[in-house]
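Heads up: the structure comes next, in C-alpha cells.
The values are calculated or read from the model by the stated rules, or taken from the named source; none is laboratory data. Everything numeric in this text was worked out from a predicted model, so none of it was measured. Neighbour counts run over all protein chains shown; Cβ positions are idealised from the backbone, glycine included.
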Amino acid sequence: MKRLMSVALLMLSLATLAIAQTSMTPGLQNAPARKSPLAGYAGSWIGTFQGHTWITIRLIDQGTALTGTLQRPQELQFADSGALKSVGQEQTTSAVQNAVVQGDGLLLTVKDPGTQQTARYVMRLMSANTAELKMLEMSMPPGMAKPRPWELSRVGPTAVAPVH
C-alpha cells in the first residue's frame, strides 16, 4: 500500500510539473525579447566639420558585442575653447577592439593597425539618430580647454562607403 501511495504521489507531482511548465511556456513565448543595451549604438555615424564629413564610425551589433571601425583624420587642431579648429586630410582607420556600456555611454577602445596604438572614446546617445563622441586621455597644452564632444548623426548603411 505504501508503495502504491508513493507511486501515486510521484505521478501527481510529475503531472503538476508538466501542467505548470506548459502553462508558462506560451507566456514566455509571447514575452518581448530583451533588447541588447548595445543595439542603440549599432549603425553608421558621421560627424561633420565645415559642411564635410570628417569622422565616421561603423558599429555592427554581433548580439553580445559591437565590432566595427572608426575613421578620422590623423591630425586634429583645437581652438582655445576646445572646439574643433581644423582637420587634416590624411585619414586613419582604427578597428573597434572593445565596446562596453558604462554609465550613460558606450566606452569604445579602438586600435590603429599601423601604429598599434589604442585610443578610447565615450559615445553618448542624445536621441535615436544623434550622439556625442568624446575622446578620452588626450593631452592638451597647459591652459587649453579639453576638446568638446563631437556631434554625430546616424546615417543609412549606403550613405557611407565601406573602408577597405
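Would you be able to tell me the number of residues in the range 58-69 that are under 19 Å from P149 (Cα atoms) and out of contact with any helix residue (DSSP H, G or I) (no Cβ under 9 Å at 6 or more places or on another chain)? Spell out how you get there, then give the answer.
Quick first cut of the range 58-69, residues under 19 Å from P149 (Cα atoms) only: 58-59, 69.
Next, from what is left, pick out any that are out of contact with any helix residue (DSSP H, G or I) (no Cβ under 9 Å at 6 or more places or on another chain): 58, 69.
Counting residues in the range 58-69 that are under 19 Å from P149 (Cα atoms) and out of contact with any helix residue (DSSP H, G or I) (no Cβ under 9 Å at 6 or more places or on another chain) gives 2.
Count, please, the residues in the range 70-106 that happen to be under 17 Å from P149 (Cα atoms), of a type in the set (A, V, I, L, M, F, W, C) and surrounded by fewer than 14 Cβ atoms within 10 Å (Cβ to Cβ).
2
Assuming P113 fulfils every condition listed in (1) modelled with pLDDT under 90; (2) under 20 Å from the mean Cα position of the chain (by Cα) apart from one, which condition is it?
Unmet for P113, out of (1) modelled with pLDDT under 90; (2) under 20 Å from the mean Cα position of the chain (by Cα): (2).
If the requirement is being over 30 Å from R154 (Cα atoms) and either surrounded by 10 or more Cβ atoms within 10 Å (Cβ to Cβ) or at pLDDT below 55 (or both), which of these qualifies: L59, L9, L38, L66?
None of the others qualify; the one that does is L9.
Where residues in the range 17-35 are not aliphatic (A, V, I, L, M) and not in a loop (DSSP other than H, G, I, E, B), which of them is modelled with the highest pLDDT?
The first filter runs over the range 17-35 and keeps only residues not aliphatic (A, V, I, L, M), leaving 21-23, 25-27, 29-30, 32, 34-35.
From what's left, not in a loop (DSSP other than H, G, I, E, B): 21-23, 25-27, 29-30.
Working: Q21: 50, T22: 46, S23: 44, T25: 47, P26: 52, G27: 52, Q29: 57, N30: 61.
By that ranking, first place goes to N30.
Quick one: E132 ticks every box in (1) surrounded by 12 or more Cβ atoms within 10 Å (Cβ to Cβ); (2) at pLDDT below 90; (3) of a type in the set (D, E, K, R) bar one, so which box is it?
So E132 meets the others, but not (2).
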